[in-house]
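Structure, as structure tokens:
The values are calculated or read from the model by the stated rules, or taken from the named source; none is laboratory data. Given the structure is predicted, the values throughout are model-derived calculations rather than measurements. Glycine also receives a Cβ, built like all others from the backbone with ideal geometry; neighbour counts cover every protein chain displayed. Each accessible area value is taken on the protein alone, full model and side chains, heavy atoms only, with ligands, DNA and RNA left out. Shrake-Rupley method; radii C 1.70, N 1.55, O 1.52, S 1.80 Å.
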Amino acid sequence: MSTENTASARPRTAIARVEAGGEIVWAVRRGDEYSPLGLTLTELLRLPAPDARSAVERASGGGIVPTRVLAPVDPQQEVWAAGVTYLRSRDGRIEEASDGTPYDKVYAAERPELFFKATGARVIGPGGNVGVRADSPWNVPEPELGLVLDAHGGLFGYVPGDDASSRSIEGENLLYLPQAKVYTAACGLGPEIVPAWEVAAPFAIGLEISRGGETVFSGSASTDQMARTLDDLADWLFRGLDFPDGVILLTGTGVVPDADFTLLPGDEVGVDIAGVGRLVNGVSLVGAQKEGAR
């Protein structure tokens with residue numbers, strides 16, 4: 001499968017975590033040239049914002065020839081996510097739930113839904129396979145704009161993300177949300193981080209799912225359809241937590257397939273964020289179907 005952005009969508013400047021010469025390095029890509037960043041993402045996000053920007057802009061000289069593009073996150077960093085930030089998401093969650101009242105309330109509430117999604121070590125990068133749970137008959141990808149936030153809560157950049165989810169598990173009982181959202185290969189990120197000074201909201205978001213070479217679902221949304229602002233979501237995340245290594249916050253989805261659709265092993269998922277990039281992943285079955293499991 002292809003993990004490259006289309007020429008028209010590929011950002012001019014981006015930060016990538018790549019394998020080159022048998023080593024894993026962080027690089028700044030300008031066009032087709034990759035230059036050493038000289039820092040990890042963790043180190044970059046610990047810096048004051050002006051210093052972080054200067055570090056990116058100083059990177060030059062090329063010299064890196066990637067053999068593989070990896071998920072743009074350090075292993076110890078965390079990925080969090082927001083839910084019910086779009087009207088379509090609220091409606092979809094009500095559709096799947098035994099009681100949709102909590103989703104209706106949180107959509108209009110001052111405090112957003114925020115939840116832990118993955119550690120960096122568990123994130124799937126471009127070309128890898130995201131997972132669908134073996135004990136869940138109803139699964140979907142969720143295409144989302146990811147905010148890359150520095151240790152001070154400031155916006156450093158953007159990244160495409162897939163908040164893969166089990167609709168059947170969460171729909172059965174809201175308290176099952178962690179099992180519906182957090183499992184092996186449940187989070188995809190990539191291919192790169194685009195600095196915030198390179199692009200501006202709103203962002204068009206697209207989802208395309210292929211099966212056997214044919215498109216079986218496609219949909220789109222825009223971040224200007226969100227019920228909350230990106231700054232508001234970031235502010236709420238930092239109200240009760242500190243992130244000395246920075247953090248990635250997925251901001252919710254406005255693209256929800258119809259109730260008769262489920263993601264299957266062997267599918268291919270494409271997440272497009274205009275101006276930020278295209279993330280492409282395959283799909284694999286993860287976990288085990290326990291005898292008697294519902």
Quickly run through region 256-294 and pick out the residues that are of a type in the set (Asp, Glu) and open to solvent by 10 Å² or more (accessible area, probe 1.4 Å).
ASP258, ASP260, GLU268, ASP272, GLU291
Candidates VAL123, VAL140, filtered to the one that is at pLDDT 95 or above and within 13 Å of the chain's Cα centre (by Cα):
VAL123
Step by step: first the residues of region 29-41, then only those that are free of Cβ contacts under 8 Å to residues at least 40 places away in the same chain and assigned to a strand (DSSP E or B), then the one that is farthest from VAL79 (Cα to Cα). Which residue is that?
GLU33
Go through (1) in contact with a Ser or Thr (Cβ under 9 Å, 6 or more places away or on another chain); (2) over 18 Å from ALA118 (Cα atoms) one by one and return the number of the condition ALA196 breaks.
(1)
Test set (1) free of Cβ contacts under 8 Å to residues at least 60 places away in the same chain; (2) assigned to a strand (DSSP E or B) - VAL271 fails condition number:
(1)
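Condition check ((1) hydrophobic (A, V, I, L, M, F, W, C); (2) touching a residue at least 60 places away in the same chain (Cβ under 8 Å); (3) closer than 28 Å to ARG46 by Cα) across all residues:
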position	(1), (2), (3)
ARG122	no, yes, yes
TRP138	yes, yes, no
VAL148	yes, yes, yes
ALA151	yes, yes, yes
GLY157	no, yes, yes
In region 232-246, how many residues are surrounded by 12 or more Cβ atoms within 10 Å (Cβ to Cβ) and in a helix (DSSP H, G or I)?
7
For region 194-222, how many residues meet the condition of being among the small types (Gly, Ala, Ser) and open to solvent by 50 Å² or more (accessible area, probe 1.4 Å)?
7
Name the residue, out of LEU207, LEU249, that is touching a helix residue (DSSP H, G or I) at 6+ places or on another chain (Cβ under 9 Å) and of a type in the set (A, V, I, L, M).
LEU249
Among the numbered criteria (1) β-branched (Val, Ile, Thr); (2) outside any loop (DSSP other than H, G, I, E, B); (3) open to solvent by less than 10 Å² (accessible area, probe 1.4 Å), which one does THR253 miss?
(2)
Every residue in region 27-64 that is in contact with a helix residue (DSSP H, G or I) (Cβ under 8 Å, 6 or more places away or on another chain), within 19 Å of GLY154 (Cβ to Cβ) and open to solvent by 20 Å² or more (accessible area, probe 1.4 Å), please.
LEU39, LEU47, ARG53
Pick from region 274-294, criterion of a type in the set (Lys, Arg) and part of a loop (DSSP other than H, G, I, E, B), ranking: modelled with the lowest pLDDT:
ARG294
What single numbered condition from (1) over 29 Å from LEU44 (Cβ atoms); (2) among the hydroxyl-bearing types (Ser, Thr, Tyr); (3) not in a helix (DSSP H, G or I) fails to hold for TYR176?
(3)
Name, by its number, the condition in (1) without any contact (Cβ under 8 Å) to a residue 40 or more places away in the chain; (2) in contact with a helix residue (DSSP H, G or I) (Cβ under 7 Å, 6 or more places away or on another chain) that does not hold for LEU175.
(2)
Give the number of residues within region 123-136 that are open to solvent by 30 Å² or more (accessible area, probe 1.4 Å) and more than 9 Å from TYR183 (Cβ to Cβ).
4
Regarding LEU44, is this residue part of a loop (DSSP other than H, G, I, E, B), modelled with pLDDT of 95 or more and farther than 24 Å from ASN129 by Cβ?
no
Members of region 61-89 that are at pLDDT 95 or above and either in a strand (DSSP E or B) or under 20 Å from TRP197 (Cα atoms) (or both):
ILE64, ARG68, VAL69, LEU70, PRO72, VAL73, GLU78, VAL79, TRP80, ALA81, ALA82
